[in-house]
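Right, one structure below, let's go through it.
The values are calculated or read from the model by the stated rules, or taken from the named source; none is laboratory data. Just so you know, these numbers come straight off a predicted model, no measurement behind them. Quick reminder, even Gly has a Cβ in these numbers, built from the backbone with ideal geometry, and neighbours come from all protein chains shown. Note: areas computed on protein heavy atoms with side chains; ligands, DNA, RNA excluded. Shrake-Rupley method; radii C 1.70, N 1.55, O 1.52, S 1.80 Å.
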Number of protein chains: 2
Amino acid sequence: MNFTTSEENYIKCIYHLQQETGTVNTNSLAAEMHTRPASVTDMLKKLKAKKLLQYERYRGFKLNEAGKKVALEVVRKHRLWEYFLVEVLKFDWDKVHPIAEELEHISSDELVQRLDKFLGNPSFDPHGDPIPDRNGKIPVLNQLNLSEIPVKKTVTVSSVSNQTAQMLEMLKHYKIALGTQLQVNKKFAFDGSLEIKVLKQSPCIISEQVAKNVFVHYEL
Amino acid sequence: MNFTTSEENYIKCIYHLQQETGTVNTNSLAAEMHTRPASVTDMLKKLKAKKLLQYERYRGFKLNEAGKKVALEVVRKHRLWEYFLVEVLKFDWDKVHPIAEELEHISSDELVQRLDKFLGNPSFDPHGDPIPDRNGKIPVLNQLNLSEIPVKKTVTVSSVSNQTAQMLEMLKHYKIALGTQLQVNKKFAFDGSLEIKVLKQSPCIISEQVAKNVFVHYEL
DNA sequence: AATAAAATTTAGACAAATCTAAAAATTTAA
DNA sequence: TTAAATTTTTAGATTTGTCTAAATTTTATT
């Protein structure tokens, strides 16, 4: 089945809302889509006709399995393109969202497969969000503090708890950003400092104080 | 100014037609666009309102300078994406057109600039068609027979006159395809054979008979 | 339980892009 | 140069996605 750009955008939006709330209502979807409740009702009828929704008049609604499958394909494309834009074309990670919003609607399945392969089948996008695989399986994010991970395990930076300018300056110096892949080479018991190896960089030492503020994840 | 996908498709199509015939008429544009003459008239009104056309009722029409600029931007995007699909994602060159038809409408200028840079500012797409630069300048195609080009000049294969299965098998063996870049290392006067160096391949020898059927181009 | 408030849907309209059928302008050709 | 053929345009409809305003249903409150 084929879907319009508008349908795909609604489906994706419903998907994200129902992840948080289980069931979605017309007003919140309208707010999220920057449109009017009446427009939402119109689109819901179309999506119900295409059998993508559990939906009853005046009650809430959510995607059924078919709808979730479509949503995951769009999310997959969005995040793969974001990865491409940042890792290949060297965009700043905070500039890529609107472009990926357009690219995610390109329809070729083979394009997605080849892009995925070219990028090395990445599991997380530059914002740290998981990229569903071609079957719609979402890699589980196992978030840990950098000071706790085993040595030699390749992990991806997913969040930073201390977002002061001083901390960000430090992370920039170490070339650590959201999505950066790194390993811990050694842990020094004396002061809790770590020798880490950032992908494509030389190893360096960071203090326990820094490590405590960096959270990372890896696939199970 | 912004343009819809539909407007861009009409503009591109008018551009290609007027390259051949100087001026374009409603019926031929309708045929080329797989649509009806009445639909063409409707769109022409819009394009005239946006001051992209020289157009008078019942007379022919053509793009003015502003219209040509838009056309060249779309052509540039189309051909850069085709290059990307073939050279980076390893699509067969005969499969990329419909995908590039979608990608060419992605609007970000920065995306095009970065893509162009990433690809190494290519001058010709995988079909041998010239890629306009960011100012709309089209590289001049200087087509010559492979047997006639100076040694050590990097050239791009643009056409093959003998398209028999035997010839294509041979070219495939040598890893020569449309768009392949190569140099002639030596010319042997004895039998007219050539030692050529295909980009990323080891040098090899081809007969004068093969060379006579391969046409190449390079920028002036 | 009755009423007020909030959420949702219906009804009717509009813009973009398309279509068919018919009218108008232009070109061709007898 | 007038009639026929061709080309182009207009008129009016259709589809998709959107909107506003009003009506309806559900939920909350007194």
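So the values come out like this:
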| read-out | value |
| --- | --- |
| Candidate set: segment A:3-27, residues that are within 12 Å of DNA strand C (Cβ to nearest atom) and β-branched (V, I, T); chosen: the one most open to solvent (accessible area, probe 1.4 Å) | A:T21 |
| Residue satisfying all of: in segment A:91-150; within 14 Å of chain B (Cβ to nearest Cβ) and among the acidic types (D, E); most open to solvent (accessible area, probe 1.4 Å) among these | A:D109 |
| Residue in segment B:144-157 that is of a type in the set (V, I, T), under 16 Å from the mean Cα position of the chain (by Cα) and at pLDDT 95 or above present | no |
| Meets criteria (away from DNA strand D (no atom under 16 Å from the Cβ), open to solvent by less than 40 Å² (accessible area, probe 1.4 Å), part of a helix (DSSP H, G or I) and more than 16 Å from A:L115 (Cα to Cα)) for A:L44 | no |
| Selection within segment B:186-205 - within 27 Å of the chain's Cα centre (by Cα) and within 12 Å of B:L146 (Cα to Cα) | B:I196 |
| All positions within segment A:47-66 that are more than 12 Å from DNA strand D (Cβ to nearest atom) and touching a helix residue (DSSP H, G or I) at 6+ places or on another chain (Cβ under 7 Å) | A:K51, A:L52, A:L53, A:Y55, A:F61, A:K62, A:L63 |
| Tabulated pairs, segment B:31-49, first β-branched (V, I, T), second more than 8 Å from DNA strand C (Cβ to nearest atom) and open to solvent by 70 Å² or more (accessible area, probe 1.4 Å), C-beta under 9 angstrom, 6+ apart or interchain | B:V40/B:N27 |
| Pick from segment B:28-41, criterion open to solvent by 70 Å² or more (accessible area, probe 1.4 Å) and more than 10 Å from DNA strand D (Cβ to nearest atom), ranking: nearest to the other protein chains (Cβ to nearest Cβ) | B:H34 |
| Matching option when the condition is within 16 Å of DNA strand C (Cβ to nearest atom), within 24 Å of the chain's Cα centre (by Cα) and modelled with pLDDT of 95 or more, among A:L72, A:L52, A:L44 | A:L52 |
| Positions within segment B:52-82 being more than 14 Å from every other protein chain (Cβ to nearest Cβ) and closer than 28 Å to A:V96 by Cα, in sequence order | B:K69, B:V70, B:A71, B:L72, B:E73, B:V74, B:V75, B:R76, B:R79 |
